[in-house]
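Everything below concerns the one structure shown next.
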Amino acid sequence: MATTFQDWEDKQLVQIALRFELEGLRITWDYVAHQMKRTKRPASELRTRLATLKRTNGKTISKFQPCFFGSVKPLFAEMSAESVRQHPRKINGTAGELLPSGVSELLGAMGPASTSDIFVDIRAGIGNVVSQVALATNVKASIGIEVRNELWMLSERCIKCYSCKYPLLLKVSMMNVDVQDAALSFKSPTCHATLVFTNNFLFEESAKLVISRELCSLPKARVVGTSSLVFPRHRASCVNIFCARWKRERTLKAPCSWKATTHSLFIYRRKR
């Protein structure tokens, strides 16, 4: 039977229901209807629609097809290229973003994420990576660190605007701070990070050194993704503390916004 529900309605319904599932609570359908008041559908119709979706996708909402947890591309469509372009003579600024398919490649390489995981993106730009992580995985929280105030403000505005439509975005938080001053490994919530990504290929050496030190100090971090090698001239006999604690596991090619070809991402896994 054909449905009158649009894709965005299904996504919103599934994401609201998922919050109840993750918290082990029964769904309050009046609350769901209020959150979806734009649809003008009664609670009974929303309940029936979710039951239909479960017959197709299974009873566990968190195991639904990834398409129900949304693509972040529409969220950031209003962002201009100028917003994320590298500024002249400021090589430490954001140079661009991973495209949604690139983020998917990154997450696939990192491995499954659970409800106890906390994802951190160092120099998060407009927040597209942390938003996609929040929408597409079961992480407890997705945190972005961004030094440029204008990008932080853009990300805050966009995420806040769409959080009603995509409730999983409530897991996202953006911090406007320079990583060299942030003491990420000592302050909550970043000190609890388990999955970390940093688009560091144009960082100044001082910033790269700070990040490598912070990665070694994060007590719970188990997987790290970077857009440049942490120590390009690493040798088997290296005594650097980063090399002692982390092993480069694989290299992948990911689509990005700053060039027509793919860019290399490097996955590091903590040594046992």
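Take the residues in segment 141-165 that are touching a Lys or Arg at 6+ places or on another chain (Cβ under 7 Å) and of a type outside the set (Asp, Glu); name whichever of them is farthest from ALA109 (Cα to Cα). In this case the residue turns out to be VAL147. Taking the criterion of being in a loop (DSSP other than H, G, I, E, B), closer than 15 Å to GLU146 by Cβ, over 15 Å from the mean Cα position of the chain (by Cα) and among the polar types (S, T, N, Q), the only residue of segment 174-225 that qualifies is ASN200. State the number of residues belonging to segment 91-150 that are under 25 Å from ILE61 (Cβ atoms), under 12 Å from the mean Cα position of the chain (by Cα) and among the β-branched types (Val, Ile, Thr). Selection size over segment 91-150: 8.
Taken as a whole, segment 228-240 holds at least one residue that is within 20 Å of the chain's Cα centre (by Cα), closer than 23 Å to GLY102 by Cα and in the same structural domain as VAL130 (by TED's automatic domain parsing). Residue pairs whose Cβ atoms lie under 7 Å apart, sitting 6 or more positions apart in sequence or on different chains, and linking a residue in segment 15-43 that is in contact (Cβ under 8 Å) with a residue 24 or more places away in the chain to a partner that is buried (at least 16 other Cβ atoms within 10 Å of the Cβ) and among the polar types (S, T, N, Q), are ILE16/GLN35; MET36/GLN12. The single condition among (1) farther than 17 Å from PRO167 by Cβ; (2) in contact (Cβ under 8 Å) with a residue 12 or more places away in the chain; (3) outside any helix (DSSP H, G or I) that THR4 does not satisfy is (2). Of the residues in segment 227-243, none is part of a strand (DSSP E or B) and modelled with pLDDT of 90 or more.
Select from segment 238-255 the residues that are surrounded by 13 or more Cβ atoms within 10 Å (Cβ to Cβ) and not hydrophobic (A, V, I, L, M, F, W, C) and write down the one among them that is farthest from GLY111 (Cα to Cα).
Restricting to residues being surrounded by 13 or more Cβ atoms within 10 Å (Cβ to Cβ) and not hydrophobic (A, V, I, L, M, F, W, C), the top hit is ASN240.
Scan segment 159-179 for residues that are closer than 26 Å to TRP8 by Cβ, in contact with a Gly (Cβ under 8 Å, 6 or more places away or on another chain) and surrounded by fewer than 22 Cβ atoms within 10 Å (Cβ to Cβ) and the total you get is 1.
Taking the criterion of being closer than 18 Å to GLN15 by Cα and hydrophobic (A, V, I, L, M, F, W, C), the residues of segment 130-155 that qualify are VAL130, VAL133, ALA134, LEU135, ALA136, VAL139, ALA141. Looking at this structure, is ARG148 in contact (Cβ under 8 Å) with a residue 40 or more places away in the chain, farther than 24 Å from LYS247 by Cα and either surrounded by fewer than 16 Cβ atoms within 10 Å (Cβ to Cβ) or basic (Lys, Arg) (or both)? So ARG148 passes the test. Does SER217 qualify as being in contact with a Leu (Cβ under 7 Å, 6 or more places away or on another chain) and surrounded by 14 or more Cβ atoms within 10 Å (Cβ to Cβ)? Against the criterion (in contact with a Leu (Cβ under 7 Å, 6 or more places away or on another chain) and surrounded by 14 or more Cβ atoms within 10 Å (Cβ to Cβ)), SER217 does not qualify.
Within the bounds of segment 173-195, is there any residue that is acidic (Asp, Glu) and out of contact with any strand residue (DSSP E or B) (no Cβ under 8 Å at 6 or more places or on another chain)? Within segment 173-195, one or more residues are acidic (Asp, Glu) and out of contact with any strand residue (DSSP E or B) (no Cβ under 8 Å at 6 or more places or on another chain).
Counting only helices (runs of 4 or more DSSP H) that sit completely within segment 73-158, those holding 1 or more residues that are in the same structural domain as THR262 (by TED's automatic domain parsing) and at pLDDT 80 or above correspond to 100-110, 128-136.
The values are calculated or read from the model by the stated rules, or taken from the named source; none is laboratory data. Since the model is a prediction, treat every value here as computed from it, not as a measurement. All Cβ positions, even for glycine, are placed from backbone atoms using ideal geometry, and neighbour counts span all protein chains on display.
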